[in-house]
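The values are calculated or read from the model by the stated rules, or taken from the named source; none is laboratory data. Just so it is clear, the model here is predicted, and its values are computed rather than measured. In this analysis, Cβ positions are derived from the backbone assuming ideal geometry, glycine residues included, and neighbour counts consider all displayed protein chains.
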Amino acid sequence: MSSKAEIAIVGAGPAGLTLALALARRAMASGHDSSGGGIAVTVYDKQPSHFLAQRFDVDRSYTIDITGHGRKALEYVHATDVFDEALFEFKGLIYHHLPNVSFLPVNRIDAVTEESPGYTGSRGDICRALQQIIEEKFSGVVAFCWETGVSVESDDTGTLVEERTSGGRTVSTRSKAFDLIVGADGAGSVVRAAVERFDPTFYIQKRSTSKYCTMMELDKAETVGKELSPEWLQVFNVIPLSVAGAVGGGLGRGSARWFCQFGFTRDTIFSNVEEVKRHLRHCSPKLLDLVTDEEMEKFIERKCQHIGRSVSCNPLRSGRFVLLGDAACAFPPIGQGVNAAMESAMVLDQCIGRVWNSFTSGSEPATVVFCQALNDFDAEWRPSTDALVWLGDHLWSGNVMWMLCKGMFSSKLGLGVLSRSKDRTLSYYDVMTEAIAMEQRLRYTGWAVGALGVLGVGLTLRTLSPRQFLR
Ligand SMILES: Cc1cc2nc3c(=O)[nH]c(=O)nc-3n(C[C@H](O)[C@H](O)[C@H](O)COP(=O)(O)OP(=O)(O)OC[C@H]3O[C@@H](n4cnc5c(N)ncnc54)[C@H](O)[C@@H]3O)c2cc1C
């Protein structure tokens, strides 16, 4: 191994790219030289560069809002200038006339504050912005290996097997050893699977709930739906969920393409356009004006995605391996996947920062120094992963109408779990403990109101004579 510490990041999604950027900044700031200040970071992804990938993949063009936690991570890596240019500003959620709950007095929820504004765009928009910064400023520290799938050959030596592909065919294979291996390879992580194989103390918990979704492009929104503002997520229905958002069109922020996510409680197939229209009429008749019949034809062909899976691990590290983002913890969408992925990268970099001086002084081997950082990361971030899985499981459970009323009213009062999880000053663990306490208070209040009602009815019946009662 060279005198530089070799760090592998498997996966160039939001988590992997944020960590690569944070490490590159740290290496450059430590005043060594422009070629890496003691570390060499290699980022692998089995997909092509984000700049070559298809810009609009309807299945993955769900709109992601970056708020409190994600914003904090972007400020940490000094990426907000580029995000200001590349993504839409995010303001909150607009509830359109919801057919089954039109009596509720809620039509808008502001989700950001002036001090901590947000962004909205697709996963691709976010990844392109991060990749651009790394390539422009830190190419001396970070090397990208695109179209290179990675697997773990040896846990002892930290050896990875890189398999480069082109047009779906393997063009080369080689092995390389690393001092630190970061699994940022998403919900189906191969790094996590390898750790599970070699570490008997490593424990993965998987759960699955009946949550599905299919994406549809609102292809008439730019012409007919001019009043839709890209700065707001548009909620057309809550149960079943249909929420649409804008992704920067071919001209970046200057134009928008709209994608709507339709939620289902089972794997749902539509057999013809009439069925789709019936569903849209039920969700929100307004949607019928925003989609052409051709897009509905494509919608019928599209696969319904299962989004109800959650995965959590304990611990988040083993030997020289550590897990970030969805690889460490995946959960059903609550608008926090990317935010949490980027924050986890920030926390890992902060933990590495605490041992940085011992690392650069060279007094101990890099693997020993990083080991301390990985322990700290596990202690600091695992409560958040446990909380995220809990929030993902509980947010959409229970009686439909109760859940709806509770969710909308509590959001309006600023107490909703969705709103609270967008607050950068609260950890996800705080949001979970608050939510548990609120559920308990609501349950006790419900019981107290029920008991008083029964008592009231009993007393009334006692005071009435049987004749009065019958009359
Ligand atoms: C339908 C749907 C809707 C969603 N909505 C939202 C939302 O509204 N808000 C939100 O914040 N989040 C949302 N999410 C979740 C969000 O997309 C993820 O949480 C986020 O992308 C996780 O980032 P990551 O970097 O951890 O992993 P990923 O984004 O999954 O990136 C992992 C990367 O690793 C690469 N990779 C995998 N295996 C290998 C390998 N063996 N070798 C090399 N590379 C590999 C993959 O190609 C990929 O690029 C949604 C997800 C889905 C499916």
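Assess whether PHE202 counts as being out of contact with any Asp or Glu (no Cβ under 7 Å at 6 or more places or on another chain) and in contact (Cβ under 8 Å) with a residue 40 or more places away in the chain. No: the conditions fail for PHE202. A residue that is modelled with pLDDT of 95 or more, of a type in the set (D, E, K, R), farther than 21 Å from ILE64 by Cα and more than 11 Å from the ligand (Cβ to nearest atom) cannot be found anywhere in region 280-291.
Residues that are in a strand (DSSP E or B) and surrounded by 11 or more Cβ atoms within 10 Å (Cβ to Cβ) within region 158-172 comprise THR159, LEU160, VAL161, GLU162, GLU163, ARG164, THR165, VAL171, listed in sequence order.
I'd like the residue in region 292-332 that is within 25 Å of THR214 (Cα to Cα) and part of a loop (DSSP other than H, G, I, E, B) and, out of all such residues, is nearest to the ligand (Cβ to nearest atom). In this case the residue turns out to be ILE307. If you check VAL355, VAL347 for being more than 11 Å from the ligand (Cβ to nearest atom), under 30 Å from ASP156 (Cα atoms), out of contact with any His (no Cβ under 7 Å at 6 or more places or on another chain) and at pLDDT below 95, only one passes: VAL355. Looking only at residues in region 292-333 that are among the charged types (D, E, K, R) and buried (at least 21 other Cβ atoms within 10 Å of the Cβ), the one that is farthest from ASN272 (Cα to Cα) is ARG320.
Taken over region 294-342, the criterion of being among the acidic types (Asp, Glu) and either closer than 23 Å to GLY158 by Cβ or touching a Ser or Thr at 6+ places or on another chain (Cβ under 6 Å) (or both) is satisfied by ASP326 alone.
Can you tell me which residue in region 43-79 is farthest from the ligand (Cβ to nearest atom), limited to those that are in contact with a Lys or Arg (Cβ under 8 Å, 6 or more places away or on another chain) and under 24 Å from TRP356 (Cβ atoms)? Residue satisfying both the conditions and the ranking: HIS78.
Considering region 183-208, and only residues there that are loosely packed, with under 15 Cβ neighbours inside 10 Å and within 13 Å of VAL311 (Cβ to Cβ), the residue that is nearest to the ligand (Cβ to nearest atom) turns out to be GLY188.
Suppose we keep only residues that are part of a loop (DSSP other than H, G, I, E, B) and either away from the ligand (no atom under 14 Å from the Cβ) or among the aliphatic types (A, V, I, L, M) (or both) within region 132-157. Which one would you say is nearest to CYS329 (Cα to Cα)? Among those residues, the one meeting the criterion is ASP155.
Where strands (runs of 3 or more DSSP E) fall wholly inside region 25-131, the ranges with 3 or more residues that are at pLDDT 95 or above are 39-44.
A single member of GLU364, GLU380 is acidic (Asp, Glu), at pLDDT 95 or above and assigned by TED's automatic domain parsing to the domain that holds ALA328, and it is GLU380. Scanning region 316-342 for residues that are over 21 Å from PHE198 (Cα atoms) and aromatic (Phe, Trp, Tyr) gives a single hit, PHE331. Residues of region 201-231 that are among the β-branched types (Val, Ile, Thr), within 29 Å of PHE83 (Cβ to Cβ) and within 19 Å of the chain's Cα centre (by Cα): THR214 alone.
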